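Notes for the one structure printed next.
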Amino acid sequence: MPSISPNKPYRIGRSRTGLGLFATKPIKKGARIIRYFGPLLDSKKKEEDEIENKYLFELTNRWTVDGSIRENVARYINHSCRPNSESDVKPRKRKIYIRAIKNIEPGEEISYDYGTDYFKAYLKPIGCKCDSCEKKRTKKRAEARAERLRLKEKAERKAKRKAEKLAQEKAKDQEKAKEKAKKKNGKANGKYLNGSGRPKPAGKKVVAAKRKSSAAPLYA
Ligand SMILES: [Zn+2]
């Protein structure tokens with residue numbers, strides 16, 4: 001890791017994606033923070049045009065800065081979709097500066113937008129890990145969770161209503177069955193007219209009385 005003079009307003013530190021550059025002092029909006037530098041590559045020279053790495057910074061159609069060298073501390077600055085800095089390119093001077101576009105507090109990570117080409121080539125395939133995209137992802141996950149919970153509760157309410165309806169229908173059926181049974185009993189009562197549902201055992205007494213009366217003339 002390259003050493004940084006202690007009066008510079010930044011340091012290299014751990015970030016979400018590996019290393020990053022962090023403010024150590026307040027940085028005012030508009031201030032130049034650091035120069036992004038490295039060998040100039042001439043696209044007209046075949047061997048220079050063939051160089052490929054993640055730290056190439058195109059100045060013009062012809063000139064590109066190769067920022068992959070160790071001394072280029074600015075290469076530690078991570079991309080952000082909602083950055084606090086920007087690249088300030090001076091094509092004629094063939095220089096690139098990173099400039100604050102917001103007031104930056106000590107401890108804050110310094111970031112700038114790498115641009116659409118870089119984003120498409122390197123970030124989109126793996127998913128951008130910048131604060132803004134992470135927040136969006138977190139929000140989406142929370143929303144998806146809330147939606148799943150909502151659907152689950154809806155399904156549970158529906159199941160509960162269905163169970164209640166079934167229970168009501170069952171109760172109604174039982175009520176109906178009872179009603180039917182009662183009506184049947186009622187009919188039976190009407191037939192025998194004694195309330196017991198059985199014919200009156202009328203014969204016994206009469207028979208006994210008959211016997212008594214038939215036996216009486218024997219001793220008379
Ligand atoms: Zn992003």
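The values are calculated or read from the model by the stated rules, or taken from the named source; none is laboratory data. What you are looking at is a predicted structure, and each value in this text was computed from that prediction instead of being measured. Virtual Cβ from ideal backbone geometry, glycine too; neighbours counted across all protein chains shown. Each accessible area value is taken on the protein alone, full model and side chains, heavy atoms only, with ligands, DNA and RNA left out. Shrake-Rupley method; radii C 1.70, N 1.55, O 1.52, S 1.80 Å.
Descriptive notes on the structure:
- The set of residues in region 67-101 being open to solvent by 70 Å² or more (accessible area, probe 1.4 Å) and within 16 Å of the ligand (Cβ to nearest atom) consists of Arg82 alone.
- The set of residues in region 13-31 being crowded, with 16+ Cβ neighbours inside 10 Å and either in the same structural domain as Glu134 (by TED's automatic domain parsing) or closer than 17 Å to Cys128 by Cα (or both) consists of Ser15, Gly20.
- Checking Thr116, Thr138 one by one, the residue that is of a type in the set (S, T, N, Q), in the same structural domain as Val65 (by TED's automatic domain parsing) and either within 16 Å of the ligand (Cβ to nearest atom) or at pLDDT below 95 (or both) is Thr116 and no other.
- Within region 119-135, the set of residues being within 14 Å of the ligand (Cβ to nearest atom), open to solvent by less than 70 Å² (accessible area, probe 1.4 Å) and of a type outside the set (Asp, Glu) comprises Phe119, Leu123, Gly127, Cys128, Cys130, Ser132, Cys133.
- Screening Arg92 against (1) charged (D, E, K, R); (2) part of a helix (DSSP H, G or I); (3) more than 32 Å from the chain's Cα centre (by Cα); (4) at pLDDT below 95 leaves a single unmet condition, (2).
- The requirement of being more than 30 Å from Asn103 (Cβ to Cβ) and in contact (Cβ under 8 Å) with a residue 24 or more places away in the chain is satisfied by Leu40.
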